[in-house]
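First comes the structure, then the notes that go with it.
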Amino acid sequence: MRKANTVLRTIAIIAILAVFLAPFWILTTISFKPSTDTSSYWLLSSTPTLNNIKAAIEKAGIFGAIGRTALITVCVVVLEVIVSAFAAYPLARRSTRFNKVVQAFILGIMMVPPLSILVSLYSIIVSIHGVNQYWAVILVLLTYQLPQGIFLYANFIRSIPVALDEAATIDGCGPGRTFFLVIMPQLKPVTATVAILSSVNCWNDFQFSRYILQTSRMNTVTLSISSFFSQTYIDLSTATACALIAILPVVICFLVLQKYFIQGMIDSSVK
Amino acid sequence: MLNAMQSKNRTINLFYVPALVLFAFFVVYPFVKGIYLSMTNWNGYSRSFKIIGLANYKNLFADKNVRRAFVNTLIYGAGSTVIQNLLGILLAVLLNQKFRGRGFVRTVIYLPVMIAPLIMGYIMYFFFNYSRGALNDILKLLSLAPVDWLADGNRSVWILTLVNSLQFVGISMVIYLAGLQNIPGVYYEAADIDGITPSKKFLFITLPLLMPAITSSVTLNLIGGLKLYDVIIALTGGGPGYDTNSLSTLIYRYYFGGERAGYASAIGLVMFVFIMIVSNIVVRGLQKRQVEL
């Protein structure tokens with residue numbers, strides 16, 4: 001009985017691994033297949049080539065896109081950490097009616113599909129000359145990441161004893177100094193969570209970048225890849241090689257920092 | 001002292017300012033402007049447009065593309081939620097057992113969560129493609145006739161749902177694993193003493209105590225599924241025809257492709273209200289069922 005269970009489990013595990021690794025496997029085989037090779041996508045080419053990778057770097061400029069995406073991501077994450085930690089502080093420490101409204105409002109924004117207000121948001125971005133500007137995409141991404149950040153910070157600050165704040169008040173600290181001297185130094189672990197979650201979201205963003213960054217010289221990773229797959233001047237193999245290169249940084253980060261990613265996911269899901 | 005406390009109350013609210021300014025400008029203002037635009041015939045770029053009252057709303061309920069997108073959005077939301085949670089619980093129970101390589105398997109299941117849904121969509125193209133697709137290669141190997149997977153709209157909707165579910169099932173798995181690990185072992189020991197069968201243990205101990213995890217996971221999956229956008233753009237582009245559009249992709253298509261900004265705005269608002277209502281009903285319903293440990 002026990003043995004039968006183990007065998008069943010092993011079969012299930014192999015099936016699971018096959019399903020979940022298949023996309024990565026196919027991505028790899030195609031990236032190293034000459035475009036003339038018509039063998040099955042499942043098979044590695046008998047004459048593997050680096051041409052697709054080379055084309056992805058030289059012709060498609062994937063590193064440029066990675067650089068731009070990294071720039072946007074870093075800006076959003078830094079701003080998000082600051083702005084959401086700030087906003088979380090009164091939210092966690094004061095339970096006035098105003099704060100309850102703010103809290104409900106923030107949770108509401110988490111549910112809003114941003115595309116439902118696409119038309120007016122885009123028209124506003126046009127009117128402030130934000131189209132094809134990094135600051136516009138950074139601010140919009142930031143805004144829609146904020147609720148998650150505020151939520152995580154607020155939960156964390158609630159777990160810091162209020163007695164610390166009170167002690168600081170008695171010592172003559174205003175809310176500002178209390179925040180910077182007492183609260184902020186303790187926020188390191190939750191900051192890691194916020195940074196990790198929002199950098200993945202920014203790195204993978206498509207829906208906002210797609211309409212704010214319209215010129216190809218500002219293409220982010222997802223924008224370049226979508227243009228390579230839909231345009232004819234770059235073949236599918238090159239587009240695939242771009243995709244492979246583009247997911248590598250994320251995959252490596254995840255493998256190295258796995259623990260934090262998963263803890264972050266759990267923290268952000270517990271409401 | 002009282003004065004000091006009151007002034008402290010007010011100064012502490014200054015910390016809200018940056019966030020609230022951003023929300024006001026990029027969420028509230030567009031929302032209000034959206035209500036106004038939804039009552040116009042604006043085409044998206046022209047300076048002149050007319051206020052046409054509720055005509056857009058009247059039209060959208062008669063628009064078969066909208067109805068289709070509406071149904072699809074529900075399938076993307078509900079379908080992903082069901083698949084991800086059932087599969088998520090199964091995987092969590094399986095991977096909560098102790099065996100060699102367990103960590104590796106968990107990593108592999110979670111890995112796709114990291115990938116941009118857009119890129120996942122393009123990878124899936126190589127699976128579902130008719131002439132060279134990886135799935136048809138398997139069918140050919142089994143000497144079965146190849147299938148044109150994405151030619152049929154109804155099937156494509158389910159394929160997209162499945163792709164989305166499998167990509168993000170790792171999230172549900174992780175939430176359920178954490179939930180399982182929070183259940184005190186004594187409950188199972190007590191059940192063992194009473195001679196309860198494993199399936200009953202699952203039904204009467206595990207499941208009720210997993211309710212908080214189920215709430216979290218369902219909420220996340222539902223919101224994610226109802227917002228589905230990137231993977232549709234990558235895999236089907238909303239096609240064939242308008243068959244696989246979600247409300248998100250349809251709004252995009254009407255706005256940028258169809259120059260019907262006012263109309264798209266109206267669809268957006270209906271979608272907004274619809275998603276708010278659905279999410280709230282589901283979340284409230286689930287929270288009521290939670291038991292305290």
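Structural remarks
- Flag if B:Leu207 is aliphatic (A, V, I, L, M), part of a helix (DSSP H, G or I) and within 14 Å of another protein chain (Cβ to nearest Cβ): no
- From A:Lys33, A:Lys59, residue being closer than 11 Å to A:Ser237 by Cβ and charged (D, E, K, R): A:Lys33
- So A:Ser84, is it surrounded by 21 or more Cβ atoms within 10 Å (Cβ to Cβ) and among the small types (Gly, Ala, Ser): yes
- You will find that of B:Val186, B:Val174, B:Val169, B:Val218, the residue that is over 16 Å from the mean Cα position of the chain (by Cα) and within 19 Å of A:Ser268 (Cα to Cα) is B:Val174 and no other.
- Whenever a residue of segment B:195-217 is charged (D, E, K, R), its partners that are surrounded by fewer than 20 Cβ atoms within 10 Å (Cβ to Cβ), lying with C-beta atoms within less than 7 angstrom and at least six residues away or across chains, give the pairs B:Lys201/B:Tyr188; B:Lys201/B:Ala191.
- Hits in segment B:115-143 (condition: part of a helix (DSSP H, G or I) and over 16 Å from A:Ala22 (Cβ atoms)): B:Pro117, B:Leu118, B:Lys140
- Whichever residue in segment B:43-61 is aromatic (Phe, Trp, Tyr) and under 30 Å from the mean Cα position of the chain (by Cα) and, among such residues, is surrounded by the fewest Cβ atoms within 10 Å (Cβ to Cβ): B:Phe61
- Residue ID - farthest from B:Gly237 (Cα to Cα), chosen from residues in segment A:198-223 that are more than 11 Å from every other protein chain (Cβ to nearest Cβ) and buried (at least 21 other Cβ atoms within 10 Å of the Cβ): A:Ser198
- Helices (runs of 4 or more DSSP H) (entirely within segment A:9-114) containing at least 3 residues that are of a type in the set (Gly, Ala, Ser), free of Cβ contacts under 8 Å to residues at least 40 places away in the same chain and closer than 27 Å to B:Val218 by Cα: none
- Selection from segment A:148-187 of residues that are surrounded by 20 or more Cβ atoms within 10 Å (Cβ to Cβ) and in contact with an Asp or Glu (Cβ under 7 Å, 6 or more places away or on another chain): A:Gly149, A:Leu152, A:Thr178
- Pairs, first more than 14 Å from A:Asp267 (Cα to Cα) and within 11 Å of another protein chain (Cβ to nearest Cβ) in segment A:140-155, second outside any helix (DSSP H, G or I) and modelled with pLDDT of 90 or more, C-beta under 7 Å, six or more apart: A:Leu141/A:Asp205
- Unmet requirement for B:Ile123, which otherwise passes all of (1) facing chain A (nearest Cβ under 7 Å); (2) surrounded by fewer than 20 Cβ atoms within 10 Å (Cβ to Cβ): (2)
- Test result for A:Val251, part of a helix (DSSP H, G or I), at pLDDT 85 or above and touching a Leu at 6+ places or on another chain (Cβ under 8 Å): yes
- All positions within segment A:28-42 that are within 20 Å of B:Leu139 (Cα to Cα) and either β-branched (Val, Ile, Thr) or at the interface with chain B (Cβ under 9 Å from one of its Cβ atoms) (or both): A:Thr29, A:Ile30, A:Thr38, A:Ser40, A:Tyr41, A:Trp42
- In segment B:34-58, the residues that are over 29 Å from A:Ala154 (Cβ atoms), touching a helix residue (DSSP H, G or I) at 6+ places or on another chain (Cβ under 7 Å) and part of a helix (DSSP H, G or I): B:Ile35, B:Leu37, B:Asn56, B:Tyr57
- Pairing each residue of segment B:113-125 that is closer than 12 Å to A:Asp205 by Cα with any residue that is surrounded by fewer than 24 Cβ atoms within 10 Å (Cβ to Cβ) and among the aromatic types (Phe, Trp, Tyr), provided the two are 6+ apart or on different chains, yields C-beta distances under 6 Å for B:Met114/A:Phe254; B:Leu118/A:Phe206.
- Hits in segment A:1-27 (condition: away from chain B (no Cβ under 11 Å) and either surrounded by 15 or more Cβ atoms within 10 Å (Cβ to Cβ) or farther than 17 Å from B:Gly101 by Cα (or both)): A:Met1, A:Arg2, A:Lys3, A:Ala4
- Residue ID - nearest to B:Ala78 (Cα to Cα), chosen from residues in segment B:241-293 that are surrounded by fewer than 18 Cβ atoms within 10 Å (Cβ to Cβ) and small (Gly, Ala, Ser): B:Gly285
- A:Leu257, sole failed condition from (1) within 11 Å of chain B (Cβ to nearest Cβ); (2) buried (at least 19 other Cβ atoms within 10 Å of the Cβ); (3) part of a helix (DSSP H, G or I): (2)
- Odd one out for B:Phe70, checked against (1) within 12 Å of chain A (Cβ to nearest Cβ); (2) under 24 Å from the mean Cα position of the chain (by Cα): (1)
- Residue check, A:Glu80 among the acidic types (Asp, Glu) and away from chain B (no Cβ under 12 Å): no
- Hits in segment A:87-103 - residues which are buried (at least 21 other Cβ atoms within 10 Å of the Cβ) and more than 10 Å from chain B (Cβ to nearest Cβ): A:Ala92
The values are calculated or read from the model by the stated rules, or taken from the named source; none is laboratory data. Quick caveat, the model's predicted, so the values are computed rather than measured. Positions of Cβ are generated from backbone atoms using ideal geometry, with glycine treated the same way; all protein chains shown enter the neighbour counts.
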